[in-house]
Amino acid sequence: MPTITLPNGDKKSFDHPVSAYDVAASIGAGLAKAALAAKVDGELKDLSFTIDRDCNLALITASKPGQPTNPEALTLMRHSAAHVMAEAIQDVVGKDVLLAYGPPTETGFFYDMYVPEGKKLSSDLFDQINARMAAIIKEDRKFCRYEVAAVEGLNKLRAEGNKYKMDNAERALGMPSSVYKSSKPVAASSAAPGNQAASLSFYSTGTPGQNWEDLCRGPHVPSTSRIGVAIVTSLASAYWHGDENSDRLIRVYGTAFASQAELDNYLKQKEEAAKRDHRVIGKALRLFHIDETVGQGLILWTPNGSIVRRELQNFIAAELKKQGYTEVFTPHIGGLDLYKTSGHFPYYKDSQFAPIVEREALEKLSAAGCSCAEMINRVEGVSQRLADGINQRTKATTIAADRIKPDDQLIPGFMLKPMNCPHHAKIFGSAPHSYRDMPVRLAEFGTVYRWEQSGELNGMTRVRGFTQDDAHLFCTEEQVPGEIQGCLSLVKIIFATLGMKDYRVRVGLRDPDSNKYTGSAESWDKAEAACIAAAQSLGVAFSKEPGEAAFYGPKIDFVVKDVIGREWQLGTVQVDYQMGNRFDLSYIGADNTPHRPVVIHRAPFGSMERFCGVLIEHFAGAFPTWLSPQQVRVMPISEKTNDYAEKVVAALRAADVRVGLDAGNDRIQAKVKVAADEKIPYMLIVGPRDAESNSVSVRVRGTEKDLGAMPLDAFVAAIKAEIAARKAELGVKP
RNA sequence: GCCGCUGUAGCUCAGUGGUAGAGCGCACCCUUGGUAAGGGUGAGGUCGUGGGUUCAACUCCCAUCAGCGGCUCCA
């Protein structure tokens, strides 16, 4: 006798078990027709799910007319589409393609599969696969769920010879895997007896035993036609369980939408997003260059990109000056001992360039017949004296015994700096400090080098050499909250100036169950509270992330969303209780005794490279005037007005405006096209009419024609004001 | 790092086991034209790099470098 409560509070009672579909039908034929699945007590179920007890029930429909597809419905459709795609691929490529794992994703779905030797699954087959998918969808076969006892199900899968599905089933049953060999231990939760399902569920696309079927938890849409439109989009490789020592599978990506119009819209959006790709725009507008002879992941800033970067640096430097920062410069390399003290080497050596070793020392070792392996040992070793000092100061075994080598065996050397803080710590330590001078804020656009894996490199956003807009604030514990606040206000100014509204903040806090952190619980509490309060005061979305703090202190990360919807981690603010100890830094307090400073690391842009890359995509290359490599293009109508055009250029140049002249013998249409392609903010079209009245015809980027003539002087004054104010929008109007 | 795809003129890309193609850009000439490409002529390439197969390789094979797309937790 189930009594079913609907989302609006209505109750419906039945004197026998009913399916979710029956309930929908009892409400209305239209709803029954539109329903895709049901939510029973908050859990998604097939429409055919039998309800035999009291529950809350919500029916999932694709959408209300004129509204976007409900995300839950879309997920269902895509999960079902993954089945259809798998069937289509087995039809096209062969039944011996083994299916592994096929979930929906944020923008579609994928299915990992094993393609046997000799068979080929390539993008040449996409048309065939798409056609087959469309046919299956048109057949409107029902998704049919059936459950079998665990043993029976496992035997069935074993008979089919699909170890991947066997593994899936065993996991679902909470059994240790009999087929997947991994070095990783089975997660406790999946092995817990309480989690065991008594049976396994299968879905056939049509009649069980006759049509295609798959081990699957479900739920699915009622029948294939309810999927809408589905296509296969791309291929990639993936490992079974993401384990590179395991089988290599082919990951086939696809997507599905309720209607062709929505799919078309998605494809168009993807195309638009691809056009904003900073690598494409960066090449077209000659903003930067990567040369394979120089090296992967190393950015050459060409003149245009250098202007953008220089303007950004000037902007931030001006803000820093207002906030009482002082500028420093440090070299690109530092002695190995420096990084042994800071802890960067050898513990993070995998993400750093190899040390630079002095030639003479190397030659001596080589002459003595020293092997390569031994040479490395001599470079990476730490002297007893250094190790003792560090271990004593950090009150821990920071330098392990196996790293310690006799002094006469060690080779001196340098490292490309992976971070700026050791150099800055040395600057702070180079002079005595009183509490009255605190905080000491050292800022530098410091270039650092890190050895990113080659496959992770990407344009300007993931590189091996980059310049941080770095600073280290050496402060007293009491000053920490105020300094954090200052850092955030800086970030806020930057984002506001650039019109980047879609960002959020992550506050990394310590894991309450771990004791890996340095610094007292009390100072942690204060610093965490300060970070949270500061984040709150920003007025944007923020999340607390326990366990995400660095071992030396809590941190605040800024995550910006770009037009493609990708999130980029840009700036960061980190509190550090450890650095003072490692470098034995101190200041003299009011009590006339030395105290450890707390250090705040912060880089609001993150790096100039990544930030510019994100900015290129953000503006699609159409920078605000103050950032544009060329701010104005002067275009004479014909060579007859070239002289006047020169005069206009001279006037703008005298006002410090970056101006270009297109005095070629092209017609004005061609000049406009070229300037528009180069995304120049202002085109000044000058012909005899303008020359006569000492004016310019102004065409603003993004508009269809010029907005009329204005006196040259007025234009110069207006654009000067716009640049000085670092306006995000183009504002000069005649 | 691993897997797949790609690498031809400054850029975007065709192409074939037998002396290399287009469009754009560039240079020059004609045109002097008022808002998204006026016309002509011409220069420009060791076909990513190194090996191999072949009478002959940009093309086929191997290696290498680089770019692009992917790459962990439970159907």
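How many residues are open to solvent by 80 Å² or more (accessible area, probe 1.4 Å) and touching a Lys or Arg at 6+ places or on another chain (Cβ under 9 Å) if we restrict to the stretch A:28-42?
Residues that pass the stated criteria total 0.
Select, from A:436, A:393, A:378, A:441, the only residue that is at pLDDT 90 or above and surrounded by 13 or more Cβ atoms within 10 Å (Cβ to Cβ).
A:441
Condition (residue is open to solvent by less than 20 Å² (accessible area, probe 1.4 Å), closer than 19 Å to residue A:462 by Cα and assigned to a helix (DSSP H, G or I)) applied to the stretch A:250-268: is it met by at least one residue?
Taking every residue of the stretch A:250-268 in turn, none turns out to be open to solvent by less than 20 Å² (accessible area, probe 1.4 Å), closer than 19 Å to residue A:462 by Cα and assigned to a helix (DSSP H, G or I).
If you check residue A:557 against the conditions, is it modelled with pLDDT of 85 or more and out of contact with any strand residue (DSSP E or B) (no Cβ under 8 Å at 6 or more places or on another chain)?
no
Do you know which residues across the stretch A:401-424 are open to solvent by less than 60 Å² (accessible area, probe 1.4 Å), without any contact (Cβ under 8 Å) to a residue 40 or more places away in the chain and not in a loop (DSSP other than H, G, I, E, B)?
A:404, A:405, listed by residue number.
Taking residue A:670 and the conditions (1) within 12 Å of RNA strand B (Cβ to nearest atom); (2) open to solvent by less than 10 Å² (accessible area, probe 1.4 Å); (3) not charged (D, E, K, R), which numbered condition does it fall short on, given that it satisfies the others?
So the condition that residue A:670 fails would be (2).
Quick one: which of A:1, A:77 is out of contact with any Leu (no Cβ under 7 Å at 6 or more places or on another chain) and surrounded by 20 or more Cβ atoms within 10 Å (Cβ to Cβ)?
Residue meeting the stated conditions: A:77.
Can you find a residue in the stretch A:53-70 that is open to solvent by 40 Å² or more (accessible area, probe 1.4 Å), among the β-branched types (Val, Ile, Thr) and modelled with pLDDT under 85?
no
Look through the stretch A:131-148, keep the residues that are surrounded by fewer than 18 Cβ atoms within 10 Å (Cβ to Cβ) and within 12 Å of RNA strand B (Cβ to nearest atom), and return whichever of them is nearest to residue A:87 (Cα to Cα).
Per the stated criteria, the residue is A:146.
Do we have any residue at all in the stretch A:578-587 that's open to solvent by 10 Å² or more (accessible area, probe 1.4 Å), among the small types (Gly, Ala, Ser) and in contact (Cβ under 8 Å) with a residue 60 or more places away in the chain?
Within the stretch A:578-587, one or more residues are open to solvent by 10 Å² or more (accessible area, probe 1.4 Å), among the small types (Gly, Ala, Ser) and in contact (Cβ under 8 Å) with a residue 60 or more places away in the chain.
I'd like the residue in the stretch A:673-707 that is in contact with a helix residue (DSSP H, G or I) (Cβ under 8 Å, 6 or more places away or on another chain) and of a type in the set (A, V, I, L, M, F, W, C) and, out of all such residues, is surrounded by the fewest Cβ atoms within 10 Å (Cβ to Cβ).
Going through the qualifying residues, I end up with A:691.
Quick test for you: out of A:628, A:607, A:638, pick the one residue that is modelled with pLDDT under 95 and under 28 Å from residue A:495 (Cα atoms).
A:607
Can you tell me how many residues in the stretch A:623-646 are open to solvent by 10 Å² or more (accessible area, probe 1.4 Å) and touching a Leu at 6+ places or on another chain (Cβ under 8 Å)?
The number of residues fulfilling the criteria is 3.
I'm told residue A:203 meets every condition in (1) near RNA strand B (Cβ under 9 Å from one of its atoms); (2) modelled with pLDDT under 80; (3) of a type in the set (Ser, Thr, Tyr); (4) not in a helix (DSSP H, G or I) except one. Can you identify the failing condition by its number?
Going through the list (1) near RNA strand B (Cβ under 9 Å from one of its atoms); (2) modelled with pLDDT under 80; (3) of a type in the set (Ser, Thr, Tyr); (4) not in a helix (DSSP H, G or I), residue A:203 breaks only (2).
Exactly one of (1) assigned to a helix (DSSP H, G or I); (2) touching a residue at least 12 places away in the same chain (Cβ under 8 Å) is unmet by residue A:388. Its number?
(2)
With the checklist (1) away from RNA strand B (no atom under 12 Å from the Cβ); (2) open to solvent by 10 Å² or more (accessible area, probe 1.4 Å); (3) touching a residue at least 40 places away in the same chain (Cβ under 8 Å); (4) under 22 Å from residue A:304 (Cβ atoms) in hand, flag the one item residue A:653 doesn't pass.
(3)
When you go through (1) modelled with pLDDT under 85; (2) open to solvent by 50 Å² or more (accessible area, probe 1.4 Å); (3) under 23 Å from the mean Cα position of the chain (by Cα) one by one for residue A:279, which number turns out not to apply?
Just one mismatch for residue A:279, condition (1).
For the stretch A:604-622: of the residues being more than 17 Å from the chain's Cα centre (by Cα) and at negative phi, which is surrounded by the fewest Cβ atoms within 10 Å (Cβ to Cβ)?
A:622
Among the numbered criteria (1) within 13 Å of RNA strand B (Cβ to nearest atom); (2) within 30 Å of residue A:486 (Cβ to Cβ); (3) touching a Lys or Arg at 6+ places or on another chain (Cβ under 7 Å), which single criterion is violated by residue A:608?
Against the list (1) within 13 Å of RNA strand B (Cβ to nearest atom); (2) within 30 Å of residue A:486 (Cβ to Cβ); (3) touching a Lys or Arg at 6+ places or on another chain (Cβ under 7 Å), residue A:608 comes up short only on (1).
Every residue in the stretch A:80-101 that is in contact (Cβ under 8 Å) with a residue 60 or more places away in the chain, open to solvent by less than 30 Å² (accessible area, probe 1.4 Å) and of a type outside the set (A, V, I, L, M, F, W, C), please.
If the condition is that a residue be in contact (Cβ under 8 Å) with a residue 60 or more places away in the chain, open to solvent by less than 30 Å² (accessible area, probe 1.4 Å) and of a type outside the set (A, V, I, L, M, F, W, C), then A:80, A:83, A:87, A:90 are the ones that fit.
Kindly provide the set of residues from the stretch A:259-304 that are in contact with a helix residue (DSSP H, G or I) (Cβ under 7 Å, 6 or more places away or on another chain) and either among the aromatic types (Phe, Trp, Tyr) or closer than 30 Å to residue A:221 by Cα (or both), ordered by number.
Within the stretch A:259-304, A:288, A:301 qualify.
Taking interchain pairs and intrachain pairs at least six residues apart, which have beta carbon atoms under 7 angstrom, with the first residue in the stretch A:276-304 and farther than 18 Å from residue A:614 by Cβ and the second more than 9 Å from RNA strand B (Cβ to nearest atom) and hydroxyl-bearing (Ser, Thr, Tyr)?
The qualifying pairs are A:286/A:302; A:289/A:302.
Conditions tested, residue by residue: (1) in contact (Cβ under 8 Å) with a residue 60 or more places away in the chain; (2) under 44 Å from the mean Cα position of the chain (by Cα).
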position: A:660; (1), (2): no, yes
position: A:672; (1), (2): no, yes
position: A:679; (1), (2): yes, yes
position: A:682; (1), (2): no, yes
position: A:687; (1), (2): no, no
position: A:690; (1), (2): no, no
position: A:695; (1), (2): no, no
position: A:700; (1), (2): no, yes
position: A:716; (1), (2): yes, yes
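Select from the stretch A:679-714 the residues that are part of a helix (DSSP H, G or I) and more than 9 Å from RNA strand B (Cβ to nearest atom) and list them in ascending order.
If the condition is that a residue be part of a helix (DSSP H, G or I) and more than 9 Å from RNA strand B (Cβ to nearest atom), then A:693, A:712, A:713, A:714 are the ones that fit.
Is it fair to say residue A:324 is modelled with pLDDT of 85 or more, small (Gly, Ala, Ser), closer than 30 Å to residue A:490 by Cα and open to solvent by less than 60 Å² (accessible area, probe 1.4 Å)?
yes
The values are calculated or read from the model by the stated rules, or taken from the named source; none is laboratory data. As the structure is a computational prediction, the values presented were derived from the model and not from experiment. Note: ideal-geometry Cβ built from the backbone for every residue, glycine included; neighbour counts use all protein chains shown. Areas reflect the complete protein model, heavy atoms only, side chains present, ligands, DNA and RNA absent. Shrake-Rupley method; radii C 1.70, N 1.55, O 1.52, S 1.80 Å.
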